Amino acid sequence: MNRRMLLAYILAPAFSAIGLALIGYGGRGRISRVFEKVPLPPPRYDGNVSIEYALKVRRSIREYEDKPLKLEHVSQLAWAGQGITDKRYGFRTAPSAGATYPLEIYIVVKKNGVEGLSEGIYHYLPREHMLELVKKGDYSRELMDACLDQEWVGEAAINIVVTAIYERTTYRYGDRGRIRYVHME
């Protein structure tokens, strides 16, 4: 095992733990408290840019405009990350070992970060294509601290935190699910 893989195996559970601690995870795949549910606008299935062109011009940007995002943009990002593409079988936009889908998406919204959303931590519900507010307040500073004081994390209108519920994959694949499959997702 090379050093890079070892580091990935160590850091992935650590970042999942940080995300779960921020949201107050109640165990067994359930959030301890939900304050409100927010329906999202339907995702778009076509765009003005080809995937090839988007890959060609992709760059990391760490300076943001000081204006809120639109809810439809948050909707599109959540759907692109873990949205349902086949309601009959529950298939999603991202592949998964054995269709176990261990990844969960949380959106940390800072004050005035998204039009129509109060600040807080929201859990994305793929089947309903909605968000549930699981923790009220502005947690951008805490998230920035957890990300080794990277200022751009605190300045972003939203941060998308990806966590994993390992049991969804390990029940089928045992340790291979924990050691390999979840981390590959």
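The values are calculated or read from the model by the stated rules, or taken from the named source; none is laboratory data. Predicted model, so just to flag it, every value in this text is computed and none were measured. Glycine gets a Cβ as well: all are built from the backbone with ideal geometry, and neighbour counts include every protein chain shown.
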Kindly provide the set of residues from segment 123-141 that are surrounded by fewer than 16 Cβ atoms within 10 Å (Cβ to Cβ) and over 30 Å from Lys87 (Cβ atoms), ordered by number.
Lys136, Gly137, Arg141
Selection count where residues are out of contact with any strand residue (DSSP E or B) (no Cβ under 6 Å at 6 or more places or on another chain) and farther than 15 Å from Val74 by Cβ, scope segment 154-166:
4
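Every residue, every condition in (1) under 26 Å from Ala164 (Cα atoms); (2) touching an Asp or Glu at 6+ places or on another chain (Cβ under 7 Å), yes or no:
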residue	(1), (2)
Val34	yes, yes
Pro39	yes, no
Asn48	no, no
Ala54	no, no
Tyr64	no, yes
Leu71	yes, yes
Ser75	yes, no
Ala78	yes, no
Given the conditions (1) surrounded by 13 or more Cβ atoms within 10 Å (Cβ to Cβ); (2) at pLDDT 95 or above, and given that Val57 satisfies all but one, which numbered condition is not satisfied?
(1)
For segment 40-52, what are the residues that are part of a helix (DSSP H, G or I) and at pLDDT 95 or above?
Glu52
Note down all Cβ pairs under 7 Å where the first residue falls in segment 54-73 and is more than 16 Å from Ala157 (Cβ to Cβ) and of a type outside the set (S, T, N, Q), the second is at pLDDT below 95 and not in a helix (DSSP H, G or I), and they're at least six residues apart or on different chains.
none
Out of curiosity, is Gly120 of a type outside the set (A, V, I, L, M, F, W, C), at positive phi and crowded, with 20+ Cβ neighbours inside 10 Å?
yes
Enumerate the helices (runs of 4 or more DSSP H) found wholly within segment 72-185, keeping only those where 1 or more residues are under 22 Å from Ile61 (Cβ atoms).
140-146, 151-155
Out of contact with any Phe, Trp or Tyr (no Cβ under 6 Å at 6 or more places or on another chain), modelled with pLDDT of 95 or more and farther than 22 Å from Gly47 by Cβ: is that true of Thr93 in this structure?
no
